[in-house]
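A.B. asks: Sharing a structure with you now.
The values are calculated or read from the model by the stated rules, or taken from the named source; none is laboratory data. Remember, it's a predicted structure, so these values are computed and weren't measured experimentally. Note that each Cβ is placed from the backbone with ideal geometry, even for glycine, and that neighbours are counted across all protein chains shown. Side chains included, ligands, DNA and RNA excluded: accessible areas come from the protein's heavy atoms. Shrake-Rupley method; radii C 1.70, N 1.55, O 1.52, S 1.80 Å.
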Amino acid sequence: MLPPVSKRLDPATAFELLSISAKLLFTNGQTTERMVAAVERLAAVLDFRASVFPRWGELVLRIEGTAGSHYEIIAAEPAGVDMNKVVAAMEVIDQVCGGHMEASAARSALEAITRFPPVSIVRFASMAAAGASALGVIFGVAHLLSLVLIALSAGAGACLRRWLAGKSHNLFVQPFSAALLAGIFGAIIVHLQLSSVLRLVAVCPCMVLVPGPHFLNGMIDLARARIALGAARLAYAGLITLMICTGLLLGLAMGGVSLPPSGSFQPAPFVCDVMAAGVAVAAYGTFFAMPWRMLPIPILIGMLAHASRWEAISMGASAEMGALVACLIVGIITAPIADRLRLPFAGLAFASVVSLIPGVFLFRMAGGMVDLVTLGDQTSAGLIVQIASDGTTALLIILAMAFGLIFPRICIDWH
């Protein structure tokens, strides 16, 4: 074993290493608590005491030690999720803390991690297509042509998102544009009469855009009394969802088509449902840049979760209770696994339960609200009831998922 890292770094040098570590973890989806703990542990090895105060858009970092102190505000926006970067950064921190890497080498390694490329466009687009089609299967799409159309729309939206990523740094352009494209594509499908399941052909490509990890990280921050940061994360996730709804409905409207405010779907058979859930998990693992070697873990967890939900609902449980049961199982399993593999909990947990997100209810509620404004005084009581029902169902499912995933995480941390 190499000797421990030198503890005689000057405050400025130690601060640079700590700031790079904190920013890497914070901006790529690591939970706030784990990020703070990692920075404090690294600072202790360097013979400093670190204080980290995360806020949306910045990290306030202060270090103190016998060699002096340093204080600075670091620009850092927690708007991304990149598991590959988080895993690599945590490995470097562990090596430094274990005395296997010197500070100078650690800084170079962390700077190299910041330059990791995103997943290839081929993998990104193909998995977006596969994930959207899998969600279509889960919600009852049984015709091959409809699944192909969903895949084409989602794949084209993924290519558009990647192109826009190089053109604009606006956080909302990508989801809005991809949803707009899905809406236009759905309207064209209606006019060509290529599919009878307009709602799902238009909605499934938008469901892969839902920012689940930001919802989870926000709820975790609120549960730990980080009110300002948690509220900011939830506001960010909510604005992205609003942009998705706006893009979808605008795209449909441009083609003279509206999203039906009501409707039902036939659930897929058990085997198809579980297999499709595994495909959806693989797609989200790709979106979050999860290393290939780790991808089977959330896939298996996600398939188990969906099997549990399917069984719960078949025994008479509501959709909300089924989501709660599935997410409790996922939370119990993923919390220790995330710690063991140094993965961001929110990304791993959400990837495992992505197929449970009530996107259909959210988009259907949005479509109903547009109809409500259009009809005005001629609005029927049935439409109002349907909007309220969709909104309440979506809210309860989201709350059940959040509680099921977060409660085991907090209990494990508490012990």
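A.B. asks: What order do you get for 346-353, 199-206 when each peptide is scored by the mean count of other beta carbon atoms within 10 Å, highest first?
C.D. replies: Descending mean neighbour count gives 346-353, 199-206.
A.B. asks: Mind ranking 397-404, 151-158 by how tightly packed they are, going by the mean number of other C-beta atoms within 10 angstrom, highest first?
C.D. replies: Top of the packing list down: 151-158, 397-404.
A.B. asks: If ligands, DNA and RNA are left out, what is the accessible area of residue 161 with a 1.4 Å probe, given in Å² to the nearest 10?
C.D. replies: Here the accessible area works out near 40 Å².
A.B. asks: Here is a further query. Based solely on its DSSP helices, what 222 nm [θ] is calculated for the chain when runs of n ≥ 4 H residues each add -39,500 (n - 2.57) and the sum is averaged over all residues, nearest 500 deg cm²/dmol?
C.D. replies: Calculated mean residue ellipticity at 222 nm is -23500 deg cm²/dmol.
A.B. asks: Mind listing the phi-derived Karplus ³J(HN,Hα) values for the range 31-39, rounded to whole Hz, using 6.51, -1.76 and 1.60 with θ = phi - 60°, and x for any glycine or proline?
C.D. replies: 4, 4, 4, 5, 5, 4, 5, 5, 5
A.B. asks: Let me check I've understood the local charge: for residue 370, count other residues with C-beta under 15 angstrom from its C-beta, Lys and Arg +1, Asp and Glu -1. What total comes out?
C.D. replies: It works out to a net charge of 0.
A.B. asks: For a quick check: with amide H placed at 1.01 Å from N, whose amide H comes under 5 Å from residue 82's, ignoring anything fewer than 5 positions away on the same chain?
C.D. replies: For residue 82, the qualifying residues are 29.
A.B. asks: Expressed in nm to one decimal, what extension gain is obtained for the pair residue 315 and residue 242 from 0.36 nm per residue of sequence separation less their Cα-Cα distance?
C.D. replies: 22.8 nm
A.B. asks: Projected onto the charge dipole of the chain (+1 at Lys/Arg Cβ, -1 at Asp/Glu Cβ, origin at the Cα centre), which of 353, 341, 187 gives the Cα projection farthest towards the positive end?
C.D. replies: Most positive-ward Cα: 341.
A.B. asks: Give the share of C-alpha pairs in each 5 angstrom bin for the range 121-163, from 0 to the last occupied bin, in whole percents, shortest bins first.
C.D. replies: Each 5 Å bin holds this share of Cα pairs: 6, 30, 29, 19, 11, 5, 0.
A.B. asks: Among 318-331, 284-297, 110-123, how do they line up from the highest to the lowest mean number of other beta-carbon atoms within 10 Å?
C.D. replies: The most tightly packed comes first, giving 318-331, 284-297, 110-123.
A.B. asks: Also: Mind giving me the FRET efficiency for residue 91 and residue 143? R0 is 45 Å, r the Cβ-Cβ distance, nearest 0.05 is fine.
C.D. replies: 0.45
A.B. asks: Okay, moving on. Apply the Karplus parameterisation 6.51 cos²θ - 1.76 cosθ + 1.60, with θ equal to phi minus 60°, to every residue of the range 128-136 and state each ³J(HN,Hα) to the nearest whole Hz, in sequence, with x for glycine and proline.
C.D. replies: 5, 5, 5, x, 5, 5, 4, 5, x
A.B. asks: Taking amide H atoms as placed 1.01 Å from N in the peptide plane, list the residues 5 or more away in sequence, or in a different chain, whose amide H sits under 5 Å from that of residue 55.
C.D. replies: 60
A.B. asks: Okay, next question. For the range 315-360, what does the alpha-carbon gyration tensor say about shape, rounded, prolate or oblate, given a ≥ b ≥ c as the root eigenvalues, a/c under 1.5 as rounded, and a/b over b/c as prolate?
C.D. replies: Judged from the Cα gyration tensor, the range 315-360 comes out oblate (a/c at least 1.5, b/c at or above a/b).
A.B. asks: I would also like to ask the following. Could you give the semi-axes, largest first, of the ellipsoid that matches the range 124-208, computed as the square roots of 5 times the alpha carbon gyration tensor eigenvalues and rounded to whole Å?
C.D. replies: Its equivalent ellipsoid spans semi-axes of 23, 13, 9 Å.
A.B. asks: Please give me the summed charge of the neighbours of residue 100: other residues whose Cβ is under 13 Å from its Cβ, Lys and Arg +1, Asp and Glu -1.
C.D. replies: Counting the neighbours of residue 100, the net charge comes to -3.
A.B. asks: Could I ask something else about it? Could you work out the local net charge near residue 113, counting Lys and Arg as +1, Asp and Glu as -1, over the other residues with Cβ closer than 12 Å to its Cβ?
C.D. replies: +1
A.B. asks: What FRET efficiency do you get for residue 37 and residue 388 if R0 is 51 Å and r is their Cβ-Cβ distance, rounded to the nearest 0.05?
C.D. replies: E between residue 37 and residue 388, to the nearest 0.05, is 0.75.
A.B. asks: Please report, to two decimal places, log10 I(q)/I(0) for the chain at q = 0.09 Å⁻¹ as given by the Debye formula with identical point scatterers on the Cα atoms and no solvent.
C.D. replies: -0.56
A.B. asks: Sticking with this one: Taking 0.36 nm per intervening residue step and subtracting the Cα-Cα distance, what contour gain separates residue 171 from residue 104 on full extension?
C.D. replies: Length difference between fully extended and current span is 20.7 nm.
A.B. asks: Also, I was wondering about something else. To the nearest 10 Å², what's residue 185's accessible area with a 1.4 Å probe?
C.D. replies: Number for this one is 50 Å².
A.B. asks: Here's a follow-up. Which one of 213, 275, 412 has its Cα pushed farthest toward the positive end of the charge dipole of the chain, where Lys and Arg give +1 and Asp and Glu give -1 at the Cβ?
C.D. replies: Highest projection toward the positive end goes to 275.
A.B. asks: Using θ = phi - 60° and the Karplus curve 6.51 cos²θ - 1.76 cosθ + 1.60, what whole-Hz ³J(HN,Hα) does each residue of the range 171-186 get, with Gly and Pro shown as x?
C.D. replies: Each residue of the range 171-186 in turn: 6, 10, 5, 5, x, 5, 5, 5, 5, 4, 4, 5, x, 4, 4, x Hz.
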